[in-house]
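See below for the structure under consideration.
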Amino acid sequence: MKLAITGKGGAGKTTVAVFLAKYLAEQGQQVVLIDADPDANTALTLGLDPSEQPEPISELKDLIAERTGAKGTGGEFYTLNPRVDDIPDRYAVTTDGIRLLRMGRLTKGGGGCFCPENAFLKNLLAHLLFQEDQPVILDMEAGVEHLGRGTAQGVQKMLVVVEPGRRSVQTALTIRRYAADIGIHDIAVVVNKLRSKEELRAMEAQLEGLPVVAVFPFSEQIASADLEGVCPYTGSEEQKALVRELIERVTAVTG
Ligand SMILES: Nc1ncnc2c1ncn2[C@@H]1O[C@H](COP(=O)(O)OP(=O)(O)OP(=O)(O)O)[C@@H](O)[C@H]1O
Ligand SMILES: [Mg+2]
């Protein structure tokens, strides 16, 4: 299972990503959770201490320069296919059976992203999505920045987390357009922080046919877990049922 999770800032992308990763790990799967949002922090939601966070891959400047062959060329010449297969083992932090990797910030070039760091990150993502068979959960920003056309094909489904409100719905529709541009058409919505059936009906009316595959109700426990700095996933029967249903819906649609 290779899932990319996106959505408006604060909608609950990391919460959903962590729930999926925790649940799959509980089932004995070797999950890779990728923090691909440079402005956020998946490690903290997993309940890790800031000192235990993985090192951002984009900041491994020397390693990247060496692997891409950019060293000594001023970054002008480099390979698009650097070796990355050892990176997950070397740089992931493992907690409760989840391997957490942190992508770090991508440097944007003028007409596109053609720097060695980008080549390295893209290749690492491609490796995880195409070469390794364990589940991969990508906790992304509100967009598809880390995915190029090539890597996008490795994503089985893109989940857009939407909280009640027009702006969150608008972001979902914008993301659908970006995603289509890079070839991702299998996209579905996870409604989060729902407080009433009326809210759900209102959102469904605005989502222009984007299918809703799961609904996570608003939860005081999740909100206060964040304040307390603990992982919001408790493994309660209720939470497990939510995640199980989400996974069933995702795998049923994509086969
Ligand atoms: N179902 C929920 N009920 C109550 N609070 C929630 C729920 N889901 C998420 N939250 C809270 O909303 C806030 C944002 O959640 P989260 O960090 O998962 O969102 P995000 O989309 O990853 O945000 P960012 O864009 O900053 O990465 C957190 O304080 C979290 O505890
Ligand atoms: Mg986040």
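The values are calculated or read from the model by the stated rules, or taken from the named source; none is laboratory data. Note that this is a predicted model, so its numbers are computed, not measured. We place every Cβ from the backbone using ideal geometry, glycine too, and count neighbours over all the protein chains shown.
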*Would you please name the residue that is surrounded by the fewest Cβ atoms within 10 Å (Cβ to Cβ), looking only at residues in the range 131-176 that are away from ligand 2 (no atom under 16 Å from the Cβ) and under 19 Å from Ser58 (Cβ atoms)?*
Gly150
*At least 1 residues that are more than 29 Å from Glu52 (Cβ to Cβ), modelled with pLDDT of 85 or more and not acidic (Asp, Glu) in each: list the strands (runs of 3 or more DSSP E) lying fully within the range 72-163 that qualify.*
157-162
_Within the range 67-74, does at least one residue satisfy the condition of being touching a residue at least 40 places away in the same chain (Cβ under 8 Å) and either surrounded by fewer than 20 Cβ atoms within 10 Å (Cβ to Cβ) or under 20 Å from Leu3 (Cβ atoms) (or both)?_
no
_Please count how many residues of the range 32-62 are away from ligand 2 (no atom under 15 Å from the Cβ), among the acidic types (Asp, Glu) and out of contact with any helix residue (DSSP H, G or I) (no Cβ under 8 Å at 6 or more places or on another chain)._
3
*Residue selected from the range 3-24 under the condition under 19 Å from Gln170 (Cα atoms) and among the β-branched types (Val, Ile, Thr), by the criterion surrounded by the most Cβ atoms within 10 Å (Cβ to Cβ)*: Thr6
